[in-house]
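The values are calculated or read from the model by the stated rules, or taken from the named source; none is laboratory data. Keep in mind it's a predicted model, so treat the numbers as computed, not measured. Cβ sites come from the backbone with ideal geometry, for glycine too, and all protein chains shown count toward neighbours. Heads up: the accessible areas ignore ligands, DNA and RNA and are worked out on the full protein's heavy atoms, side chains in. Shrake-Rupley method; radii C 1.70, N 1.55, O 1.52, S 1.80 Å.
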Amino acid sequence: MLLITGATGFIGRHLVARLVAQGERPRCLVRDLRQAANILPADKVELVQGATTQPSTLESVLQGVDTIVHAAFMTADRKQSEGNHYEETNVGGTSNLILAAKAAGVRRIIEVSGLGTKPDKPGSYMQGRYLSEKMLIDSGLDWTIIRPSVLFGKGAPFIKGLVDLIQTAPVVPLIGGGKIMFQPIAVDDVVTVILKVLQNPAQTNRKIFTIGGPEYYSFSQIFDLLLQATHKSRPKVYAPLPLVGIGAAVMEAVLPKPPLTKAAMALFSFDNTTDLNSVERDFGFKPQSFKIYLQTQGL
Ligand SMILES: NC(=O)c1ccc[n+]([C@@H]2O[C@H](COP(=O)([O-])OP(=O)(O)OC[C@H]3O[C@@H](n4cnc5c(N)ncnc54)[C@H](OP(=O)(O)O)[C@@H]3O)[C@@H](O)[C@H]2O)c1
């Protein structure tokens, strides 16, 4: 039995759709059954209520589970709130899941992490993501870690955030000068990678796969593509990182869904890229081009 955590999330719901299309019936750990039934094909999956942050819910959920795809994380673009803390979810939740998985006889966990995950200041968002990987690596379970660059595809959070900004702001901010590089990868391609990892346990065990699309784009070039796709023209203004940090802190304090959080600023401190042939080399297929996707399918 396969269990998916974070099944209602952006990657999770695409993964569930593909598994169901293949005739599988995955078990999905969800926090809110009613909400999940609106997002997932409830009659074709096994919905189980629980939370990684509530260890008491995990024992029954893991009965008979062999493999877990773990995608229940609090991503940096989300503002922390009651019951949704980076540390509590990403570190505590993963630790609870690993302990419960070992107790239940689960064999293998595939973690959907993020490109650039590395040790950082204690208590920081990035350090939490690093610890969530390290705990799995040290767990004694079979593991695979997938670290994608930013994602595109219908409803992709990173792209949606930038499009919302284009739609609502008179200017677009080139954070840190707009020079940081990204390697957008289609959510469907990330799902294909997860499926291939699921199908090939021996070849993918104890490996970290860092994956990106077939092209690099600077943050400024991504804005150009999105301005083109939305048929808008906006002046691009240079936004120095410290100033953006202050803006993000203010927005987080006053807005329920801020367009930028302090934690998401971490994405702008390094190039979000890996080898251009990472997917073809490790998984044998060519991922979609972001530019061609926008031209053929729009936003
Ligand atoms: N999206 C991207 O562009 C991108 C790029 C690179 C890497 N990634 C990585 O991919 C992974 C998945 O990202 P995503 O974009 O799919 O995230 P997402 O859309 O924010 O979904 C997060 C999922 O986690 C669930 N969740 C949160 N806290 C939970 C808890 N305590 N117990 C159980 N479930 C909980 C959420 O459930 P609710 O529905 O109940 O909130 C939701 O299903 C993350 O590690 C992320 O860093 C994403």
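For n ≥ 4 DSSP H runs only, could you compute -39500 (n - 2.57) per run for the chain, divide by its residues and tell me the 222 nm figure to the nearest 500? Don't skip to the end; give the middle numbers.
Working: 12 runs with 116 residues, N = 299.
Using -39500 (n - 2.57) per qualifying helix, the result is -11500 deg cm²/dmol.
State the Cα centre-to-centre distance between the stretch 156-206 and the stretch 9-27 in whole Å.
Between the Cα centre of the stretch 156-206 and that of the stretch 9-27, the gap is 19 Å.
Could you give each residue of the stretch 40-54 its phi-based ³J(HN,Hα) in whole Hz, using Karplus coefficients 6.51, -1.76, 1.60 with θ = phi - 60°, and x for Gly or Pro?
For the stretch 40-54, the Karplus-derived couplings read 10, x, 4, 7, 10, 10, 9, 8, 10, 8, x, 8, 5, 7, 10 Hz, x marking Gly and Pro.
I'd like to check one number: the per residue accessible area of the stretch 1-102, probe 1.4 Å, reported in Å² as a whole number. Before the final figure, lay out each step's value.
Values: 4770 Å² over 102 residues.
Value for the stretch 1-102: 47 Å² per residue.
Stretch residue 25-residue 270 to full length: gain in nm at 0.36 nm per residue minus the Cα-Cα span? Numbers along the way, then the final one.
Values: separation 245, 0.36 × 245 = 88.20 nm, distance 3.89 nm.
Here the answer is 84.3 nm.
Using heavy-atom solvent-accessible surface (probe 1.4 Å) with all chains present, what is the largest-first order of 215, 111, 280, 82? Please report the intermediate quantities before stating the final value.
Details: 215 55, 111 0, 280 80, 82 175 Å².
My answer, sorted largest first, is 82, 280, 215, 111.
State log₁₀ I(q)/I(0) for the stretch 32-148 at q = 0.09, 0.15, 0.22 Å⁻¹ as given by the Debye formula over alpha-carbon point scatterers of equal weight, solvent excluded.
One equal scatterer on each Cα of the stretch 32-148 leads to -0.24, -0.69, -1.36.
Among DSSP beta bridges whose residues both lie in the chain, state the antiparallel percentage, nearest 5. List each step's numbers first, then the result.
Working: 3 of 35 bridges.
The answer is about 10 percent antiparallel.
So for the pair residue 199, residue 218, with labels modelled 7 Å out along Cα→Cβ, what separation do we get in nm?
About 4.0 nm, to one decimal.
Which residues in the stretch 180-219 have a backbone N closer than 16 Å to a point placed 7 Å from the Cα of residue 281 along the Cα-to-Cβ line?
183, 207-216
Just the number, please: carbon plus sulfur as a percent of the accessible area of the chain, 1.4 Å probe, no ligands or DNA/RNA counted.
Numbers: 7560 of 13860 Å².
The value for the chain is 55 percent carbon and sulfur by accessible area.
Mind listing the long-range amide H neighbours of residue 46? Cut-off is under 5 Å, sequence gap 5 or more, other chains count too, H placed in the peptide plane at 1.01 Å from N.
Excluding prolines and chain starts, which carry no amide H, the hits are 27, 28.
Based on alpha-carbon positions alone, could you give the equivalent ellipsoid semi-axes of the chain from the gyration tensor, as √(5λ), descending, whole Å? List each step's numbers first, then the result.
Values: eigenvalues 196, 93, 70 Å².
After scaling each eigenvalue by five and taking roots: 31, 22, 19 Å.
Given the Cα-Cα distance of residue 208 and residue 238 and 0.36 nm per residue of separation, how much length would full extension add, in nm? If you can, show how the numbers build up before the last one.
On the way: separation 30, 0.36 × 30 = 10.80 nm, distance 3.52 nm.
Between residue 208 and residue 238, full extension yields 7.3 nm more.
If you take the square roots of the eigenvalues of the alpha-carbon gyration tensor of the stretch 112-155 and sort them as a ≥ b ≥ c, do you get rounded (a/c under 1.5), prolate (a/b over b/c) or oblate?
Values: a/c = 2.93, a/b = 1.28, b/c = 2.29.
Judged from the Cα gyration tensor, the stretch 112-155 comes out oblate (a/c at least 1.5, b/c at or above a/b).
Taking the Cα centre of the chain as the origin and placing charges on Cβ (Lys, Arg +1; Asp, Glu -1), which of 235, 193, 64 is farthest toward the positive end of the dipole?
235
Given DSSP loops and a limit of at most 13 other Cβ atoms within 10 Å, what is the longest stretch of the chain that contains no such chymotrypsin sites (Phe, Trp or Tyr not before Pro)? Don't skip to the answer; put the middle values down first.
Working: sites that count: 270, 285.
In short, 1-269.
At 7 Å along the Cα-to-beta-carbon direction for both residue 1 and residue 99, put a label point, then send me their distance in nm to one decimal.
Using points 7 Å along Cα→Cβ, the separation is 2.2 nm.
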